[in-house]
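To start, the structure itself, in structure tokens.
The values are calculated or read from the model by the stated rules, or taken from the named source; none is laboratory data. No experiment lies behind these values; they were computed from the predicted model shown. Cβ placement follows ideal geometry from the backbone for every residue including glycine, while neighbour counts extend to all protein chains displayed.
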Amino acid sequence: MSRLHNSIEPRVMDDEMLKLAVSEQGPREEAGQLAKQEGILFKDVLTLQLDFQNILHIDNLWQFENLRKLQLDNNIIERIEGLENLVHLVWLDLSFNNIEVIEGLDSLVNLEDLSLFNNRISRIDSLDALGKLQVLSLGNNQIDNIMNVSGRHAHTRAHARGSDRAGSAAWAGAPGASQVFSPLPLTHLRVA
């Protein structure tokens, strides 16, 4: 079942969309007026919200080389791609999309928070390069066996804290959960 936002045709992540987002999310008041006159260089943008845009493919983000936070939730993205130049990214939200495979994240070595909630993921792969990852949200996917975890993340222990207890308890009951332990720096693993 494909998720389409208001049954609108898929949109292309082009310069026009990116300029509009930067303009709308940029500085306000006097600083905003100056930004409108002189423009904002994509390399100076630290946070970018592109949620609810009906985006099918991640593209044209190479100029956002200093981006720290990227919000791409609630689109129709099927594949994680086009992020290789975002090496300073710390926070990435790809929740509520159509992603089936975790891939294309190897260059995001500074990533601390990754949300892949509500996609179509069945295996937890390609996270080995994410040594700084602290929060990983994988709830409401098609992961039914914790043994589908690969690489060093195969030994992650989910710590239940606060409101995460119910989700962690549900995950703890998954097949293979008794074999999951590790020195990984994850502070939160949300899978339920």
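Summary table below
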{"item": "Subset tally (residues that are of a type in the set (Val, Ile, Thr) and over 19 Å from residue 141 (Cβ atoms)) for the range 72-104", "result": "2"}
{"item": "Some residue of the range 102-109 being in a loop (DSSP other than H, G, I, E, B) and touching a residue at least 60 places away in the same chain (Cβ under 8 Å)", "result": "no"}
{"item": "Residues being among the basic types (Lys, Arg) and either modelled with pLDDT under 95 or over 10 Å from the mean Cα position of the chain (by Cα) (or both) - total across the range 66-115", "result": "2"}
{"item": "Among (1) among the charged types (D, E, K, R); (2) assigned to a loop (DSSP other than H, G, I, E, B); (3) over 22 Å from residue 14 (Cα atoms), the one test that residue 30 misses", "result": "(2)"}
{"item": "Residues located in the range 74-101, provided they are over 17 Å from residue 57 (Cβ atoms) and in a loop (DSSP other than H, G, I, E, B)", "result": "87, 88, 89, 90, 95"}
